[in-house]
1. Checking the cross-link filter: which aspartates and glutamates have an alpha carbon closer than 13 Å to that of K255, excluding same-chain neighbours under 8 positions apart?
2. Could you work out how far apart the two model spin labels at E251 and E286 are, taking each label as a point 7 Å from the Cα in the direction of the beta carbon, and quote it in nm?
3. Need the list of aspartates and glutamates near K94 for cross-linking: C-alpha distance under 20 angstrom, and skip anything on the same chain fewer than eight residues off.
4. What whole-number value in Å² describes the accessible area per residue of the chain for a 1.4 Å probe?
5. Along Cα→Cβ, 7 Å out, is where each label goes; now give me the distance between the ones at D119 and I67 in nm to one decimal.
6. Taking a cut-off of 12 Å between Cα atoms, list the aspartates and glutamates near K169, but don't count ones fewer than 8 places away on the same chain.
7. When N is the residue count of the chain, what does its C-alpha Rg come to as a fraction of 2.2 N^0.38 Å?
8. For the stretch 229-234, what does the Karplus curve 6.51 cos²θ - 1.76 cosθ + 1.60, with θ = phi - 60°, yield as ³J(HN,Hα) per residue in whole Hz, taken in order and with x for Gly and Pro?
Amino acid sequence: MRNFVSVQDVSNIDALVQQALAYKANPFADKTLGINKRIGCLFLNPSMRTRLSTQIAAQNLGMEAIIFNVGNEGWMLEFEEEAIMSGTSVEHVKDAAPIFGKYFDILAIRTFPSLKNRDDDYSELYIKQFIKYAGIPVVSLESATLHPLQSLTDIITITESFNETRKPKIVLSWAPHVKPLPQCVANSFSQWINTWGKADFVITHPEDYELSEEFTKGAIITYNQNEALIDADFVYVKNWSTFNDYGKIYESDPKWMLNNKKLELTNDAKIMHCLPVRRNVELSDEILDGPNSIVTQEAANRIWAAQSVLAEILKTNG
Ligand code: CP
């Protein structure tokens, strides 16, 4: 594996999952794999889980992890080719990325979308420019449209939580929120579950919240949340803003929030969320504090997903 920015960089999802579970059982099995190697983790946006789990994963492999909060502490970067930099940006990625390439062995980056211009966000300019100019492997810590480390984590969590021989039924259920959020987690979860191909996958959301078919193709999509929840083994709860009329909130109807009454429709489903979560807006206290929630297990698994990916990159790239 050279880069890790989407499921398309992965040749065998199950192998990556099994490697992650092996690291969960034995975190220091490859404690010298990354010795004398350094990962630079660049954050253009806030993070708790991604930042800490990636740092721990790198350390478990013997790597040094250096965190740089570019968004708060660095020079404002320019990403457009041939930009006339007479505005607020101070340094071009074309100049900065090769320097990161000299300082580090792997570069990991978190960026968010602007949610203002869909074509710009979906072009994934930021991460593509880092890949183009850094000259070292690049890992997405969440980009404008995808969150692949989260999705790998989610499949790890589903794999270890489902012990039946049949396929699980997985429902991605839209939830209300107070502000427009990216489509990254929902896009990425859909892309990974569809590519994995080992689940009956249903997406439910209000009208006007369609995601891009590029990611959802293969899933059953319905506006009827109650119908979707019937016999679900896993319910993945997430808000996202509109895709077609880009980056808007039309619907924040509390009836879309999952509660114990809705849970009765499911097959005693495990409830997942990438976190952070707005309690009693996206998910009720009774669900988050109840026995069906596996959100802490899911967040803890971020370490093993990151460790599995970093190990794969280290093995491939020396
Ligand atoms: N789920 C997730 O990416 O969490 P952070 O934003 O805290 O990293």
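1. Those aspartates and glutamates meeting the cut-off are E282.
2. Computed distance between label sites E251 and E286 equals 2.2 nm.
3. E73, E78, E80, E81, E82, D105, D120, D121, E124
4. On the way: 14070 Å² over 318 residues.
Averaged over the residues of the chain, the accessible area is 44 Å².
5. 3.8
6. Candidates past the 8-residue exclusion: D200, D231, D233, D268.
7. Values: Rg = 19.5 Å, N = 318, 2.2 N^0.38 = 19.6 Å.
Normalised Cα radius of gyration, the chain: 0.99.
8. 6, 4, 6, 5, 8, 9
The values are calculated or read from the model by the stated rules, or taken from the named source; none is laboratory data. Please read all numbers here as calculations on a predicted model, not as lab measurements. Neighbour counts run over all protein chains shown; Cβ positions are idealised from the backbone, glycine included. The area values use the complete protein model at the heavy-atom level, side chains included, leaving out ligands, DNA and RNA. Shrake-Rupley method; radii C 1.70, N 1.55, O 1.52, S 1.80 Å.
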